[in-house]
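These notes are about the structure you will find just below.
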Amino acid sequence: MLSYALRRLLGAIPTIFIIITAAFFMMRIAPGGPFDQERTLEATVMENLNATFGLDRPLWQQYGMYLGNLLRGDMGPSFIYRDMRVQEILGEGLPVSVQLGLTALVLALAVGALLGTLAALRQNSSTDYAVIAVATFGITVPNFVVAPVLSLVFAVMLSWLPAQGWGEARQMVLPVIALALPQVAIVARLVRGAMIEALRSDHVRTARAYGLPARMVVLKHALRAAILPAVSYLGPAAAALLTGSIVVEQVFNLPGIGRYFVQGALNRDYTLVMGTVVIVAVFVVVFNLIVDLLYALLDPRVRYD
């Protein structure tokens, strides 16, 4: 399994390289620049700024310089946040985004598995229909709609929870729920379908025939098979949570990398946007590798030679 993990990591290098290349040239093709302001700068000042940051060089040279600096662990200086390196900025926001994303992922897996199991055990009942309705609502309504509604109702109208900030448990509730709700819905539907199939499988019927308690049959035999589709979905879920956190962090004013990414894109801060893209790409690749290894641990039929 270790050799498989190493091969996957080496195989991910071309993927990350393609992502970096595409993001680099797309940022440079977009209209505007990092020093465009409402009041036009003098030509001499603009030339000095472009020369300082290497923007006066041909595009292919800028690309080569960026790759060389990136290989040395240097993401370059921020064009907007003066006297700060990109790795310093992202180092401040990354712990917030990771905590938000992991909490939402754990919540989505736990609540989604619970709802999916209850719906499968009571198939075609009112509980099953209620879970399907909630899952459909969670999938169809995006978090950029859910987040403002949660903030309006529970923070502004009811004053139960704070509308912004980070650090206290109360401040995490609304952002985590807004980010996790779509993933709860998807996990619930995946587990429900897999659980219905698992309950009808031969090994579960055999366990029931031996007189095992219903709880043991569900938790030890059926749930282990039913959770596999949800585990397979954790890779795409991690990507969805990372991209969805950009919106949630903006709505709740959280000091994560999503806020820096939006500000960097609006201000054409090339290095800041590129640094965020690199971080997200590495996280998605590594998390997909973890999901593959976890799948092999849960399903003994899967082996990586």
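If you rank T44, T21 by fewest surrounding Cβ atoms within 10 Å, what's the result? Can you show the working numbers first?
Values: T44 8, T21 12.
Ordered from fewest to most neighbouring Cβ atoms within 10 Å, T44, T21 come out as T44, T21.
For the chain, what is the calculated [θ] at 222 nm in deg cm²/dmol (nearest 500), taking -39500 (n - 2.57) for each run of four or more DSSP H residues and dividing by its residue count? Don't skip to the end; give the middle numbers.
Working: 12 runs with 216 residues, N = 305.
Value at 222 nm, helices only: -24000 deg cm²/dmol.
Are there any chymotrypsin sites (Phe, Trp or Tyr not before Pro) in region 134-219 that are in a DSSP loop and have at most 13 other Cβ atoms within 10 Å? List them by number. Before the final figure, lay out each step's value.
On the way: sites: F137, F144, F154, W160, W166, Y210; in loops: W160, W166, Y210.
Qualifying residues, ordered by number: W160, Y210.
Please report, in whole Å, how far the alpha carbons of the chain spread along each principal axis, starting with the longest.
85, 57, 30 Å, listed from the longest principal axis down.
Determine the relative contact order of the chain: mean sequence separation of Cα pairs under 8 Å and six or more apart, normalised by residue count, in whole percent. Don't skip to the answer; put the middle values down first.
Working: 354 pairs, mean separation 83.0, N = 305.
Once divided by the residue count of the chain, the mean separation gives 27 percent.
How big is region 190-302 on each of its three principal axes, counting only the C-alpha atoms and giving the largest first in Å?
66, 29, 18
If I build a Gaussian network model for the chain, linking alpha-carbon pairs within less than 10 angstrom, which residue out of P213, P34, P182 has the largest mean-square fluctuation?
P213
Can you tell me which of 103-112, 264-273, 81-90, 10-19 comes out highest on packing, and rank the rest after it, using the mean Cβ neighbours within 10 Å? List each step's numbers first, then the result.
Details: 103-112: 20.0, 264-273: 21.8, 81-90: 15.8, 10-19: 12.3.
The most tightly packed comes first, giving 264-273, 103-112, 81-90, 10-19.
For region 62-214, with only Lys/Arg (+1) and Asp/Glu (-1) charged at the beta-carbon, what is the dipole magnitude about the Cα centre, in debye rounded to 20?
Details: 10 positive and 8 negative charges, 97 e Å.
Here region 62-214 has a charge dipole of around 460 debye.
Could you work out the pair-distance distribution P(r) of region 27-141 from its alpha-carbon pairs, with 5 angstrom bin width and percents rounded to whole numbers?
2, 8, 11, 13, 11, 8, 7, 7, 7, 8, 7, 6, 3, 2, 0
Please order V176, V191 by the number of other Cβ within 10 Å, starting at the fewest. Kindly include the intermediate steps, with their values, before the conclusion.
Details: V176 21, V191 29.
Fewest-to-most ranking of V176, V191: V176, V191.
For S159 and I16 in one chain, what is 0.36 nm times their gap in residues minus the Cα-Cα distance, to one decimal in nm? Intermediate values should be presented prior to the final figure.
Values: separation 143, 0.36 × 143 = 51.48 nm, distance 4.40 nm.
My answer for the length gained is 47.1 nm.
Springs between alpha-carbon pairs under 10 angstrom, Gaussian network model over the chain: which of S151, S126, S245 fluctuates most?
S126
How much length, in nm to one decimal, is gained on full extension between A209 and L266, taken as 0.36 nm per residue of separation minus their Cα-Cα distance? Mind showing how you got there, number by number?
Numbers: separation 57, 0.36 × 57 = 20.52 nm, distance 6.34 nm.
Length gained between A209 and L266: 14.2 nm.
Please compute the length gained on full extension between L297 and V149, using 0.36 nm multiplied by the number of residues separating them and subtracting their Cα-Cα distance. Display every interim value, and only then the final one.
Working: separation 148, 0.36 × 148 = 53.28 nm, distance 4.00 nm.
So the extension gain works out to 49.3 nm.
Can you pull the one-decimal nm distance between simple spin-label points at V173 and R57, each 7 Å off the Cα toward Cβ?
5.3 nm
Please give the FRET efficiency for R7 paired with L49, using the beta carbon to beta carbon distance and R0 = 45 Å, rounded to the nearest 0.05. Display every interim value, and only then the final one.
Values: r = 45 Å, r/R0 = 0.99.
That gives a FRET efficiency of 0.50.
Quote the FRET efficiency, to the nearest 0.05, computed for F25 versus I290 with a Förster distance R0 of 25 Å and r equal to the Cβ-Cβ distance. Show your work: numbers first, answer last.
Numbers: r = 30 Å, r/R0 = 1.22.
Working from the Cβ atoms, E equals 0.25.
No value in this document is a laboratory result; all are computed from the given coordinates. Predicted model, so just to flag it, every value in this text is computed and none were measured. Because the Cβ atoms are built from the backbone with ideal geometry, glycine has one as well, and the counts that use them run over all protein chains shown.
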